[in-house]
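> Dropping a structure here in structure tokens format, bear with me for questions.
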Amino acid sequence: MSSARPFSVPLYGLLQALIVLGYAIRLSWYRPLFFIPITAISCYLVLYTNAGFASPGVGSTIAIQMLSAFDGIVLKDVKQTLHRVGEKPGQILLAPFLRRLLWSCHLHNSPRGVRWAHSSHFPTYPVLSTPEQKRAFVASRIFTVFFSVALLLVFFIINGANPALTPGALRLVDQSIYVRAMSLVGLAIPAYAFINALHCMASIILVAAGISEPVDWPPLFGSPTDMYSVQSFWR
């Protein structure tokens, strides 16, 4: 772990560019060759830099992107199998290269499939919102941010009083079922609140700046009453 090399941001940027370019190029004999440097860079970043050790989230993201690139570049042509809402299947194949490149960039950066035909479970918003609708969206997200921060503060206090988290305490596995359950809740809810707050803050900035529309920012989580399935809760 101590011998891991520093994470290379330029190399990571090259990885993203190769994946997007591989998606954008029309079907040809050399397109699968893009997966060779994609695999090499991904394995290097995950196995030989601190992305795989110090930051498992970054390492797992790179691994997922590599597997998605194998599916979309080698196994099939995403331009034939996927399309955005309002497009016809395969329509992007006839577009100029720059438009295909932008299309591929949007696909690569939309793991949830927002505004893509293969993800139809999101709430519907107008594609182009009025200023009033944008203000209402920003106001609702600001309220969510304040609620999430309040939830974080409450659970900081609760976790501070948890006997399992004090120095010299018994191992969590040796604590009572009540303490173990509260410890699980004390970890899960702050994580939910923190991730939700970051998502809302990003949506507030980009929608207020006119870079994106409310339709691009459906809620990150579903209702707690929908927790019977992962897809319903984590959209």
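Read-outs: derived from the displayed coordinates by stated rules, not from any lab. What you see is a predicted model; the values in this text were computed from it and never measured. Don't worry about glycine lacking a Cβ; one is built from the backbone with ideal geometry, like all the others, and counts go over all protein chains shown.
> Using a 10 Å Cβ count of at most 14 others and DSSP loop calls, identify the longest part of the chain lacking such chymotrypsin sites (Phe, Trp or Tyr not before Pro).
Working: sites that count: Trp29, Tyr30, Tyr228.
Value returned for the longest uninterrupted segment is 31-227.
> Let me ask another. Based on the Cα atoms of the stretch 131-233, what semi-axes does the equivalent ellipsoid have, where each is the square root of 5 times one gyration tensor eigenvalue, given in whole Å with the largest first? Provide the component values of the computation, followed by the final result.
Values: eigenvalues 245, 46, 17 Å².
Here the semi-axes work out to 35, 15, 9 Å.
> If amide hydrogens are placed 1.01 Å from N in the peptide plane, which non-local residues have theirs closer than 5 Å to the one on Trp116?
Close amide H contacts, sequence-distant or interchain: Val85.
> If you don't mind, another one. When you take every Cα atom in the chain, what is the radius of gyration, and what is Dmax, the widest Cα pair distance, in Å?
21.6, 66
> Quick check: pseudo-label points 7 Å beyond the Cα along Cα→Cβ at Ala208 and Lys88, how many nm apart are they?
Here the answer is 4.2 nm between the modelled labels.
> Something else about it: Filter the DSSP H helices in the chain by two things, a Kyte-Doolittle mean of at least 1.6 and an axial alpha-carbon span of 15 angstrom or more, and list the hits by number. Spell out each step's value before the answer.
Working: long enough: 9-24 (23 Å, 1.69); 35-48 (19 Å, 1.91); 56-69 (19 Å, 1.02); 97-108 (16 Å, 0.28); 131-160 (43 Å, 1.21); 177-208 (46 Å, 1.71).
Long hydrophobic helices here: 9-24, 35-48, 177-208.
> List the residues, sorted by chain then number, that are 5 or more residues from Thr49 or on another chain and whose placed amide H is less than 5 Å from its amide H.
Arg5
> Right, here's the next one. I need the per residue convex hull volume for the stretch 1-66, using only the alpha carbons, in cubic angstrom as a whole number.
Value for the stretch 1-66: 66 Å³ per residue.
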